[in-house]
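A short reminder: the numbers here are calculations on the coordinates, not readings from a lab. On a predicted model such as this, the values are computed, not experimentally measured, just so you know. Cβ atoms come from the backbone with ideal geometry, glycine included; neighbour counts cover every protein chain shown.
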């Protein structure tokens, strides 16, 4: 086979993989120039930081392996280019020691990551906020009293129906007649632990709050909970992240994080508006976009 | 005509007798594994084109949302003035994935390369069951017809994602593509399954029963190990998908309620019965489709191992660890399916179990990468086109493997699930990984298939442009994923969070157009070289494994002598040999020093 001097460039091409790979991530992380906001969106969830920390931890770890293997591959391709040297090849079938080393090291690292993150996962998905730990003074046992959801969010092609569970005129929660019904416009108080009950009325949807690092598929027939604590006021997107039909892309909601007083005022206003219009919510609320 | 170890009585011998010399029995309903392999190859390459064009449709919408599609827009959607409609977009990504997975990657690896290479590389004259083999190809055709005709059903094709999650897929009212198109989709996938099952049984039997004398299991090339483990995976995983497919079909057409919960109403139509569970489908689907991810990469890993060893002119580093690691991937592959469902509503406690097994499956993949690097270390690397594709497989698979760790980490997966991070991940594994290995494999075995070389210069241009454009298209997807950019949205830009990502998407689209355009070079090279390429002999690459001892192209019965195997396939640079390779069939220099081994099975 003929050797061409161009062959030297192939190793360089492969060197570009770690170089440009790291550079792409670096400019995105630094958000320089056109890469402004090309990184994790602002996290406004008190409990979301742990997800970002874990993301960075894995990013640095895998980044090091990516650079290491990439450089090794470049170096071997450069050094052992058959057109450049005529030494006999290293006639070896492998190394037991190396195999043991490069099995045990990744295994230990991977197991470490696995165990290290378990607590974060449990906080996000398993330890629903408790307001009273019960008589045994221990959380996670059967006599815990869970925090009531602030609202029930129901996905439906292609909108988010929100029901605030209010005591209303009869002074009792759980009676839906006097609840506040809203579409696509979720308001929550800042700096408070918020629990939402999420459901689906028809197909699968996924309740995704990018700025709060919250995502949970909603499944018809199932009742699920998400919890978070927003620590900054503002308006954020509610995204549907599970394909729900042709209009999936437009199943957009808005999350407004506001002070407790603003929130209370908004609820009161909306409730008054709802009572005054006297329309059943199904007719007034379907015009979403 | 050889009779290999008397293992079978060559039922296909009739096929090339004088009475059956007609075109139809030779090239259409052929029983010859090589013709069947080429039939798979041509069919899948054609579908590769279809899948690529569907991808360009997706990319067009993401770069120029609601803009008139140039040229073909007016033809396809005249009533919308040349725009892609959201339901059409939903169909595009559903059918892109369906075509690429079920009609390209799975059949090109197992069907094309598996068929062509298995008998040649183990020293057999054909598959164990030639008729079954022929049927495995012809059962693809009902699938081609079903999926092909679904493009003409209402909705222009199935549109509930390639994962086909109910209730979107089971309720006919749920979406424009949830009608007959979805039924055709299910039938198509079922026929692919039947075809794969026929292939799988045949491959396992052939590899176990029909190896040439001396070809022990641990003398098999890695390609064959990859094919063997893949066949085992298919045999155990496919029945679950087939059953699940029929359950979904029943939900759709008979009115059962396997996947429909109580009192389900979709788009103002009620399900006939309830009491089912949508998550059941996800469990059954991923019980097949996660192993299918390995079905889509293990043969590629095997091919890459063979190509890298050949062009490093050096033995494969750690042959047995390589075999154990693909077996480990296959074993663990059955207990990781839940990692597709971390945020699905599955019990989060189960998420911890699946997270741990998923983390562990990264280990055998890492071992393989280290061994490939060990193979090129100290070699005498020849930068041929197949070698460049194989080297890029290693480089790209590292990216695809490492990004998997992010999503295996359950808390991180909460954020990146169903975003472009996932899209980046599986395109690095399946396109930058498997498809690049497939290209490498085609360049590598082309001289065996057609007796002519593909043009090296065009091959290198094809490689360079594909490599550059694929990274331009897919690497940037990681960045989109970090912002949380969701998959499957026809217009993500009306969200404040994602509005500013349009320029990056335009860049990616132009890279994707470049990538698809580059394949014209490949297609030209392929067909030109078939007829006008440089003629070569049996072993143009100086490779060791058995297929290179057969004529190029091999006739019926493959070998014009009885292959006897004296050693493993990776004895490159052996001091025992005068050349820098040492074919498996070449007897040792001093007769008697190495007694002729007994047959692998008696």
Return one number: the angle in degrees, 0 to 90 and rounded to the nearest 10, between the long axis of the Cα atoms of helix A:7-30 and the longest principal axis of the Cα atoms of chain A.
-> 30
Relative to the first principal axis of the alpha-carbon coordinates of chain B, what is the inclination of helix B:348-376, with its axis defined by its Cα atoms, in degrees from 0 to 90 and to the nearest 10?
-> 40
For region B:225-368, divide the Cα radius of gyration by the Kirkwood radius and give the resulting Rg/Rh value with two decimals.
-> 1.13
Quick one: grab Rg to one decimal and Dmax as a whole number for region B:144-283, Cα atoms only, in Å.
-> 19.3, 67
Only Cα pairs under 8 Å and at least 6 apart count here; give the relative contact order of region B:173-314 as a rounded whole percent.
-> 29
Whole-number percent relative contact order across chain A, with pairs defined as alpha carbons under 8 Å at least 6 apart = 16
Could you calculate the contour length gain from residue A:12 to residue A:86, that is, 0.36 nm times the residue separation minus the distance between their Cα atoms, to one decimal place in nm?
-> 24.6 nm
With each label point set 7 Å from Cα along the Cα-Cβ vector, what nm distance links residue A:42 and residue B:268?
-> 4.2
Starting with the fewest neighbours, write out B:353, B:242, B:590, B:497 ranked by other beta-carbon atoms found within 10 Å of each beta-carbon.
-> B:590, B:353, B:242, B:497
Can you tell me the 0 to 90 degree angle between the C-alpha axis of helix B:420-429 and the longest principal axis of chain B, rounded to 10?
-> 10
Which distance in Å, rounded to a whole number, links the C-alpha centroids of region A:1-68 and region B:314-339?
-> 27
For chain B the mean separation of alpha carbon contacts under 8 Å (6+ apart) over residue count, i.e. relative contact order in percent, is 16
What share of Cα pairs, in percent, lie more than 45 angstrom apart in the protein assembly as shown?
-> 30
In whole angstrom, note down how far apart the Cα centers of region B:530-565 and region B:449-506 are.
-> 37
Between residue B:27 and residue B:235, the two model label points (7 Å from Cα along the beta-carbon direction) sit apart by a distance in nm of 3.5
Cβ-based exposure ranking for A:87, A:159, in which fewest neighbours within 10 Å come first = A:87, A:159
Computed over chain A, Kirkwood Rh from alpha-carbon pairs, angstrom | 23.6
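Counting only Cα atoms, I'd like the Rg/Rh figure for chain B, Kirkwood definition for Rh.
On the way: Rg = 24.3 Å, Rh = 25.0 Å.
In chain B, Rg relative to Rh is 0.97.
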Rg to Rh for region A:7-81: what is it, with Cα atoms only and Rh by Kirkwood?
-> 1.14
Quote the FRET efficiency, to the nearest 0.05, computed for residue A:67 versus residue A:275 with a Förster distance R0 of 51 Å and r equal to the Cβ-Cβ distance.
-> 0.25
At q = 0.22 Å⁻¹, what is the log10 ratio I(q)/I(0) for region A:1-147, with the Debye formula run over Cα points and no solvent?
-> -1.34
Rounded to the nearest Å, the spacing of the alpha-carbon centers of region B:396-438 and region B:208-274 is 23
Calculated from DSSP helices alone, with each H run of at least 4 adding -39500 (n - 2.57) and the total divided by the residues of the protein assembly as shown, [θ]222 nm to the nearest 500 comes to -16500 deg cm²/dmol
Theoretical FRET efficiency, 1/(1+(r/R0)^6), r = Cβ-Cβ of residue A:29 and residue B:507, R0 22 Å, to 0.05 = 0.75
Sorted from fewest to most neighbouring beta carbons within 10 Å, what does the list B:310, A:240, B:511 look like?
-> B:511, B:310, A:240
Using a Förster distance of 45 Å, how high is the FRET efficiency between residue A:262 and residue A:119, based on the Cβ-Cβ distance and rounded to 0.05?
-> 0.85
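With N denoting the number of residues in region A:149-285, provide Rg(C-alpha) divided by 2.2 N^0.38 Å, to two decimal places. It would help to have the intermediate numbers written out before the result.
Values: Rg = 14.4 Å, N = 137, 2.2 N^0.38 = 14.3 Å.
Compared with the compact-globule rule of thumb, region A:149-285 sits at 1.01.
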Rough spin-label spacing in nm, given labels placed 7 Å along Cα→Cβ, for residue A:22 and residue A:97 | 2.8
For region A:61-194, taking Cα atoms only, what is the radius of gyration to one decimal and the Dmax to the nearest whole Å?
-> 29.1, 92
